[in-house]
Every structure is written in C-alpha cells, then in structure tokens.
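K.L.:
Starting off with a structure, shown below.
The numbers here are math on the coordinates, done by the rules we state, and not lab data. This one's a predicted model, so the numbers in the text were calculated from it and none came from an experiment. A quick note on method: Cβ atoms are made from the backbone with ideal geometry, for glycine too, and the neighbour counts reach across all protein chains shown.
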Amino acid sequence: MASIHTAQELDTWRESLTAKVDPDLPLITVCGGTGCRVYGSEKVWTAFQDELTNQKANARLNYDVKVTGCHGFCEKGPLVVIHPQGIMYTNVKVSDVAEIVGETVAKNTVIERLLYVDPQTNEEIKCEQDVPFYKHQHRLILGLNGLLDPTRIEEYISQGGYDSLKKVLISLSPDDVIEEMKKSGLRGRGGAGFPTGFKWELCRQQPGDVKYVICNADEGDPGAYMDRSIMEGNPHLVLEGMIIGAYAMGANQGYVYIRNEYPLAVKHLRQAISQAEEVGLLGENILDSGFDFTVKIKLGSGAFVCGEETALIASIEGQIGEPRPRPPYPAEFGLWGKPTNINNVKSWASVPLIIDKGSDWYASIGTETSKGTVIFSVVGNINNTGLVEVPIGISLRELIFDIGGGIPDGKSFKAAQIGGPSGGCIPAEHLDVPIDYESLQSLGAIMGSGGLVVADADTCMVDFAAYFMRFTQEESCGKCVPCRVGTKAMLETLERICAGDGRPGDVDYLIELGEEIKRSSLCGLGQTAPNPVLSTIRYFRDEYEAHIVGHTCPAKVCKGLITYSVIEENCTGCMVCLRNCPEGAIQGEKKEVHVIDADLCTRCGMCMSVCKFDAILVE
C-alpha cells in the first residue's frame, strides 16, 4: 500500500492503479451486503473462486471475481453481475456457479432461469441497467456500491476517491467549502432537513480551537438499512466527506457513532480508517496541507433515542443516552462542551460528490427547495424491496410502481408510511405527491431518514399505527412526561380499539393527546412520535370509527373484532386444520365437516394458512 504525503503522490498512485484496470476483463461481482450474506452470498463467492481457479488452470479464462457492497435489490439476493456485459442473475445458489462460469463467462450465453422477471410484465430482463428497479433510479451515493471491494482503499482511489479532498486542501479555503455546500442546497438526510452548509457555518463561527464532527450512523427506524449499506459498501466515501467537513469547520477530531448491531459495517469502517491512516489520508499534515484529522468509532447499544443529537453526544461522553433541552445547540455546546457538528451518513457521503462535480450540478437535481437525491429503504407489501436512490421530487407513484414493481398478488395500494416511526402515512389519493420536504410535511408526514413501508388493501390502518406507536413507546427514554406517559396512553388506547373495546370519543382523545405530545415533548423524537396515529386518523378515520362504532375491522386483522368459521360446502374433512390448531379449537371426524369453537379460538389464523380448500371464513 502506498504512503501518500502530497497531492502529487496521490495522483501518481491513482494513475498506477488505474493503469492496472482492464475494462474488458471479465469481472464477476457478488453482492456482499448483509442481506445477500444471509442468503448465502459468501458461499457463492467461494464457489466462484474455486470454479474460476479450475478454469484458469485449464487456461480457458482470464477473469476476476470480487465481493462488493450491497447492490440494493435485496429482494432478489444473492445478486451476481457479469461485467462488462452487465448481465444480472438473481437468487444465485452455489449449485448455479459452475453453469454461470461455463456458459456466461466462457461462452457469453445467458442463463434465462436466473434472470430477473418483471412482476408487472413477466418480461425477462438480462442487463442490470435495464431492470426497472435500477433503470429509474439516480444512484449517486450508491453508484459504486456494486463495483467496489469495500475492504480495499485502492479500489476507491482508482475510482477517483479522495480527489475531492485533494481539491479542497489545495485550492479551497474553509469558507469556500462552506459556501459551496450552501450553494448546493444539501439538506440534512437524518430527518430534520436543516441546510447542511448553514449548519457547518454555525459551527465554524464558534470561538475556540477544539471542535468536533460526528457521523450519526445510529440508524434505528424499523426496516431501514440505508446507512448500514453505505458504510458496508463504500466507507471511504463517508470518511472523505467527514475530513472535508472537518477542514471547513476547523475540527481535528471526528467520531462515527454506529450501532453495535451492524457488525459488517463496523468491520469495514474500521478497515477503512486503518487504511486511510496507513496511507496518510487521516492523521497529521494530510497531503502536506498542515491539516490534522483523526476519526474514532463509538459503538451504540441500539437505543432509538440516541439518534437524537444531544442524546448521541451524551452516549459518546459515557453518560445515559438522553436528550437535553436546546438551546444551546450542539454547534455552540456539544461534545464535552465544545462546538460540534453532527450529520447523517448520507449527508457526509454527499459531500465528496458535491465538491467533485460542483454545487451547480448538485443543485440541478431535485426541486427548488429540496436538492439532490434521497435514499429510501422500501419494504412492506411491495414486489421489489430494497434500497432506492432517487431525485428528490419524484412522485410516490413512480417510486412504488415504476421502481418498486407494484403491489404483490395484484392487490391495490393503500398507503405508505414515510419517515419511519416518526413519519406519517400517505394514502392512495396522494400517490402523485412529489416526495420533498415541504410536500410531505403538508400531508402530515416527513422525509425522515428514508424509511418507507408500503401497505396494501389488506392492511388495517389502526393496527398499522399501533405498530409504530408500540415501537416509539418502547424506545422512549422516559426523561420527559409528555413522551413517557403520553405515548403509553396513546398506545393503550389503540390496543383497546383493536381489541374491540373502543369507546366513543377515543379518536378525538387521540388527536388531542397527540397534538399535546408534539407540542411539549423535550426532543424531536417525542415531538414526532404521534405522527403515524394522527396521519392515519386524518386519512382513515372511517376505519377507526368502524372499529369503535361498528365493532368490526374492515381489513379483518384485529383479533378482537373477527371470528373464524368453516365454510361447510368447501370443507372436505381432511383434518389438516384440526391437527395444526394450537388451541384444539377445531373439532370433527375425518371426511366430515369440521367446526371451530369460538370460545377456544385465539384467531391465530393457522387454520386459514394450512387449508387447501378455501374452507375457512374470517368475518
């Protein structure tokens, strides 16, 4: 590994690395993100190594194979892409490897059974770039995730890595950098959407020689893994952004606060820091500029509240992760009482791109007030789950149907929860809303950090709201009364409604309580906790009334409001439901119509899931 002391040495090293890259060399990339690893991608990669070694011994192939970061299309992993053709194979197993090498790599023959099939057209798609999931994205931050080996700094350097840092240290003053960030229009990607350049300026203007920058990688929203995948797949992009920001604000020490539940991201980040230190891109006198900067990792224990800035600072200091009143803000009084800037992983990762291509380029993407791209973790009732990077301002319809592939089993779209547990529901009537900060806020939702959960027609919105409120209530730090007591009261009311014990006035009570929690909670997490409930009441109040007044769950989800019975004309007496009922609530003899005892039935749904004759009725 090279030792870099000057900008010229960095350029020379990059040139030597680039010269070794043959763009026509067959390259097999295997997704090594956490999701694909769960499906066995590590074994697939090992099988490719073994198979290709055998082929090389026979002098049949010149090749390369590497494990990359997350490709984003988690629904179809393990993912394998054959370059330079760009052929993408999905759900690849070890047993497929020999055929891929023998047919596609050696003969350029496509294996159709491994291709992606569009759920809306049933069309087989050969090339990764033509798959609608990728075709309609604008992958800036995630652009190199499927190409780089994240454990090798050489690969990041060969792709232009740390060139933005060189540009900053050689030709831009700290004020120049901040002005460029302000002109870009980048807003914080952690949830609040505060303009990044102004946030940096506030920190720079504070007196004192000691300042800190922090990367908030404490990603805690249910179903969200955007930050994790960036750290796993391209950690040097985040580090480069942090170094640039530290230079602009006058900080010499940085921290990455990342949850301990992200072992692969932590491993790759540690390797990246070690490599950057070894080559001279972290430490003293970086690129002979006189600027010193080091980065430390602080592991969090998974408390959702530690995503809030002041609670995160307290955790790094070794205190209980609880928020404190603001002002003073971290830019004035942060880590150990010193001026501190905190930005999200996605915000830091955007910085090198802005410096490289310019603020005008970045500001040309997005809307008038919301610039750049946003990464969503798209999960729930949708065909294509995974990480999606799109220009801010794209419509919800495009995101769900053009990229997400629509709703499984031909069901209709009902709502999307945007912004995680602190966000709100957007119903089908607003499918064409542009996804930007202002538009979402007007509908009772927020951009948040990028969580997006899709609900289909079979979703009970009261139960849906209760799920998010349960999460928020459990994760409340308990420091302030409105959040500690208020969220518990809201959850108890929701659970009572779902259990069939709703009372007249419950909906108005939830609205009044939710608004008061928003008004008086100590931190941003408490202030946004009622959003899922308030937004579902706003758009689906009829479902709440059906639960309370009609004593029915329209979606047939809430156990306290449904009953199971046997459809006599469909029942064959096969006894499968009887044998699988965990409560012994089903009676009947073989080849005779069975009966469900309503007093014993717990509405678990097991009978319906195992019945092959559609003989179970829920009403």
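K.L.:
Could you run the Karplus curve 6.51 cos²θ - 1.76 cosθ + 1.60 with θ = phi - 60° over the range 238-249 and give me ³J(HN,Hα) per residue in whole Hz, x for Gly and Pro?
P.N.:
So the J values, rounded to whole Hz, are 5, 4, 4, x, 5, 4, 4, x, 4, 4, 5, 9.
K.L.:
Taking only Cα atoms, what is the 0 to 90° angle, nearest 10, from helix 7-19's long axis to the longest principal axis of the chain?
P.N.:
Taking the Cα atoms of the chain, the angle to 7-19 is about 60 degrees.
K.L.:
Would you please give the residues with an amide H less than 5 Å from that of residue 214, counting only those at least 5 places away or on a separate chain, with H modeled from the backbone geometry?
P.N.:
255, 341, 342, 343
K.L.:
Can you show me the helix-derived [θ] at 222 nm for the chain, built from DSSP H runs with n ≥ 4 at -39,500 (n - 2.57) apiece and divided by the number of residues, rounded to the nearest 500.
P.N.:
Taking each H run of at least 4 residues, the total per residue is -11000 deg cm²/dmol.
K.L.:
If you don't mind, another one. I need the calculated FRET efficiency for the pair residue 252 and residue 429, taking r as the beta carbon distance and R₀ as 60 Å, to the nearest 0.05.
P.N.:
Computed FRET efficiency for residue 252 and residue 429: 0.70.
K.L.:
Please tell me the relative contact order of the range 249-393 in percent, rounded to the nearest whole number, where contacts are Cα pairs under 8 Å and at least six residues apart.
P.N.:
Dividing the mean separation by the residue count of the range 249-393 yields 13 percent.
K.L.:
Once label points are set 7 Å from the Cα along Cα→Cβ at both residue 129 and residue 542, what is their separation, rounded to one decimal in nm?
P.N.:
Going from the residue 129 label point to the residue 542 one covers 4.7 nm.
K.L.:
What's the extension gain from residue 511 to residue 412 if we count 0.36 nm per residue and subtract their Cα-Cα distance?
P.N.:
32.8 nm
K.L.:
Run the numbers on the range 563-618 and let me know its relative contact order in percent, using alpha-carbon pairs under 8 Å that are six or more apart.
P.N.:
46
K.L.:
Then there's this: Give the relative contact order (percent, whole number) for the chain; include only Cα pairs under 8 Å separated by 6+ residues.
P.N.:
Value for the chain: 11 percent.
K.L.:
A further question follows. Rounded, prolate or oblate: pick one for the range 202-344, where a ≥ b ≥ c are the square roots of the eigenvalues of its C-alpha gyration tensor, a/c under 1.5 means rounded, and failing that, prolate if a/b is larger than b/c, else oblate.
P.N.:
Oblate.
K.L.:
Sequence-distant or interchain residues sharing an amide H contact under 5 Å with residue 394, placed H: which?
P.N.:
Here 435 satisfy the definition.
K.L.:
Let's see if you can work this out: charge +1 on each Lys and Arg Cβ, -1 on each Asp and Glu Cβ, no other charges. What is the dipole magnitude of the chain about its Cα centre, in debye to the nearest 20?
P.N.:
780
K.L.:
Once phi is turned into ³J(HN,Hα) by the Karplus curve 6.51 cos²θ - 1.76 cosθ + 1.60 with θ = phi - 60°, what whole-Hz value does each residue of the range 143-159 show in order, with x for glycine and proline?
P.N.:
x, 9, 4, x, 10, 8, 7, x, 8, 10, 5, 4, 5, 5, 4, 5, 9
K.L.:
Can you compute the FRET efficiency between residue 21 and residue 317 using 1/(1 + (r/R0)^6), with r the Cβ-Cβ distance and R0 = 45 Å? Round to the nearest 0.05.
P.N.:
0.50
K.L.:
Right, another one. Sort 370, 274 so that the residue with the fewest other Cβ atoms within 10 Å of its own Cβ comes first and the one with the most comes last.
P.N.:
Going from least to most buried by this count: 274, 370.
K.L.:
Moving to a separate point now. Amide H to amide H under 5 Å from residue 415: which residues, 5+ apart in sequence or cross-chain, H placed 1.01 Å off N in plane?
P.N.:
Result for residue 415 returns 455.
K.L.:
Tally the DSSP beta bridges in the range 159-363 and give the antiparallel ones as a percent, rounded to 5.
P.N.:
For the range 159-363, the DSSP antiparallel bridge percentage is about 10.
K.L.:
Also: With +1 on each Lys and Arg Cβ and -1 on each Asp and Glu Cβ, how big is the dipole of the range 249-388 about its Cα centre, in debye rounded to the nearest 20?
P.N.:
Rounded to the nearest 20 debye, it is 380 debye.
K.L.:
Within the range 140-172, list the residues whose amide N lies under 20 Å from a label point set 7 Å along Cα→Cβ of residue 6.
P.N.:
162-172
K.L.:
If I fit a long axis through the Cα atoms of helix 345-357 and take the longest principal axis of the Cα atoms of the chain, what angle between them do I get, 0 to 90°, rounded to 10?
P.N.:
40
K.L.:
Based on the mean of other Cβ atoms within 10 Å per residue, sort peptides 499-510, 168-179 so the most packed one is first.
P.N.:
So the peptides 499-510, 168-179, ranked by packing, come out 168-179, 499-510.
K.L.:
Sticking with this structure for a sec: Identify, among 560, 550, 536, the residue whose Cα sits farthest towards the positive end of the charge dipole of the range 418-560, taking +1 on the Cβ of Lys and Arg and -1 on the Cβ of Asp and Glu, with the dipole about the Cα centre.
P.N.:
Ranked along the dipole, the leading option is 560.
K.L.:
Considering only DSSP beta bridges where both residues belong to the chain, give the percentage that are antiparallel (nearest 5).
P.N.:
If we restrict to bridges inside the chain, about 55 percent are antiparallel.
K.L.:
Subtract the Cα-Cα distance of residue 38 and residue 604 from 0.36 nm times their separation in residues, and report this length gain in nm to one decimal.
P.N.:
Here the segment from residue 38 to residue 604 would lengthen by 200.9 nm.
K.L.:
Sort 144, 494 by Cβ crowding within 10 Å, fewest neighbours at the top.
P.N.:
Listing 144, 494 from fewest to most nearby Cβ atoms yields 144, 494.
K.L.:
Would you mind counting up the charge near residue 498? Only other residues with Cβ under 12 Å from its Cβ, with Lys and Arg at +1 and Asp and Glu at -1.
P.N.:
-2
K.L.:
Still on this structure: Compute the long axis of helix 41-57 from its Cα atoms, compare it with the longest principal axis of the Cα atoms of the chain, and write down the angle in degrees, 0 to 90, nearest 10.
P.N.:
Tilt of helix 41-57: around 50 degrees.
K.L.:
Treating the chain as a set of equal point scatterers at the Cα positions, no solvent, please give the Debye-formula log₁₀ I(q)/I(0) at q = 0.06, 0.08 Å⁻¹.
P.N.:
Debye output, listed in q order: -0.37, -0.65.
K.L.:
On to the next question. FRET efficiency for residue 296 and residue 111, Cβ-Cβ distance as r, R0 = 45 Å, nearest 0.05?
P.N.:
Computed FRET efficiency for residue 296 and residue 111: 0.45.
K.L.:
So what are the ³J(HN,Hα) numbers for the range 559-571, from phi and the Karplus equation (6.51, -1.76, 1.60; θ = phi - 60°), rounded to whole Hz, Gly and Pro as x?
P.N.:
4, x, 10, 10, 9, 10, 8, 9, 7, 4, 5, 9, 6
K.L.:
May I ask which of 183/346; 93/612; 66/167; 296/338; 518/559; 166/267 have a Cα-Cα span longer than 28 Å here?
P.N.:
The pairs that break the limit, which is 28 Å between Cα atoms, are 93/612; 66/167; 518/559.
K.L.:
Listed highest first by mean packing, meaning other Cβ atoms within 10 Å per residue, what order do 282-288, 74-80, 230-236 come in?
P.N.:
Sorting 282-288, 74-80, 230-236 by mean packing, highest first, produces 230-236, 74-80, 282-288.
K.L.:
Separate question: What full-extension length gain, to one decimal in nm, is calculated for residue 98 and residue 612 as 0.36 nm per residue of separation minus the Cα-Cα distance?
P.N.:
181.2 nm
K.L.:
Would you mind ranking 38, 593 by Cβ crowding within 10 Å, fewest neighbours first?
P.N.:
Going from least to most buried by this count: 38, 593.
K.L.:
Students often check this: by mean Cβ neighbours within 10 Å, which of 552-559, 467-474 ranks highest, and how do the rest follow?
P.N.:
Taking the mean over residues of other Cβ atoms within 10 Å, the ranking is 467-474, 552-559.
K.L.:
For the range 159-363, give the magnitude of the charge dipole about the Cα centre (Cβ charges: +1 Lys/Arg, -1 Asp/Glu; no others), in debye to the nearest 20.
P.N.:
Roughly 320 debye, rounded to the nearest 20.
K.L.:
Take residue 149, project a point 7 Å from its Cα along the Cβ direction, then tell me which residues of the range 68-83 have their backbone nitrogen under 18 Å from it.
P.N.:
Of the residues in the range 68-83, 68-71, 80-83 have backbone N under 18 Å from the label point off residue 149.
K.L.:
Among bridges DSSP assigns within the range 246-349, what percent are antiparallel (round to 5)?
P.N.:
Once the DSSP bridges in the range 246-349 are tallied, antiparallel ones form about 10 percent.
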